[in-house]
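Novice: So that we are looking at the same thing, I have put the structure below in structure tokens.
The values are calculated or read from the model by the stated rules, or taken from the named source; none is laboratory data. These numbers were taken from a predicted model, which means no experiment stands behind them. As a convention, Cβ positions derive from the backbone with ideal geometry for all residues, glycine included, and neighbour counts pool all protein chains shown. The accessibility values were calculated without ligands, DNA or RNA, using every heavy atom of the protein model including side chains. Shrake-Rupley method; radii C 1.70, N 1.55, O 1.52, S 1.80 Å.
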Amino acid sequence: MRIYIFLAGCFLLLAACGALAEEREPVLPRAEDLERVAITGGGLDVSITDGSSIARLLEDLERSVLGNTGIPSVRDIPEEGDGLVRIDFGFSSGGTGTVFLCRQGDRLLLEQPFQGIWELDGSLKDSLLSARELAGGQRSKKE
């Protein structure tokens, strides 16, 4: 009888862990850990180095997440498509982290490689369109 109770407990624990994993948010860096953010694709080619602009972009990203789609991310880079935007986070300590924004029909998605795919609301579009302003007058890569 003990073995059945133990197995039932293990099953419930694993089921709970799976449910929690589906609800997690994207893991975005803290603004103070970043030296720069580069946004490329979708007509953008901007590098942001101002700390307050980086913080504002991260806040906009976090605020626009509607929820986890439940779709697994199984690639380093999503398939190229209309509106694919790459956001590279350059850490002060070295190294980079990357997320991608892409469209799937009418939905705007944020994909964090091997972590998950989240649906975003439309508010982030305005932030990306004003990315040059977020750069605070800094030189973009095209200049």
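Novice: Between Ser123 and Ser52, how many nm apart are label points set 7 Å from Cα along the C-beta direction?
Specialist: Taking the simple label geometry, Ser123 and Ser52 are separated by 2.0 nm.
Novice: Okay, next question. Could you tell me the accessible area of Thr96 in Å² (1.4 Å probe, neighbours in place), rounded to the nearest ten?
Specialist: Probe radius 1.4 Å; accessible area of Thr96 about 90 Å².
Novice: Let me ask you something else. Using just the C-alpha positions of the stretch 66-118 as equal point scatterers, what log10 of I(q)/I(0) does the Debye formula give at each q in 0.15, 0.21, 0.29, 0.30 1/Å?
Specialist: Computed log10 I(q)/I(0) values: -0.42, -0.76, -1.21, -1.26.
Novice: Just to make sure I understand: if all protein chains stay in place, what is the order of Asp106, Asp33 by accessible area at 1.4 Å, largest first?
Specialist: Per-residue accessible area, sorted high to low, gives Asp106, Asp33.
Novice: Now for a different question. Run the dipole for the stretch 65-125 about the Cα centre, Lys and Arg Cβ at +1, Asp and Glu Cβ at -1, nothing else charged, and hand back the magnitude in debye, nearest 20.
Specialist: The calculation lands at about 100 debye.
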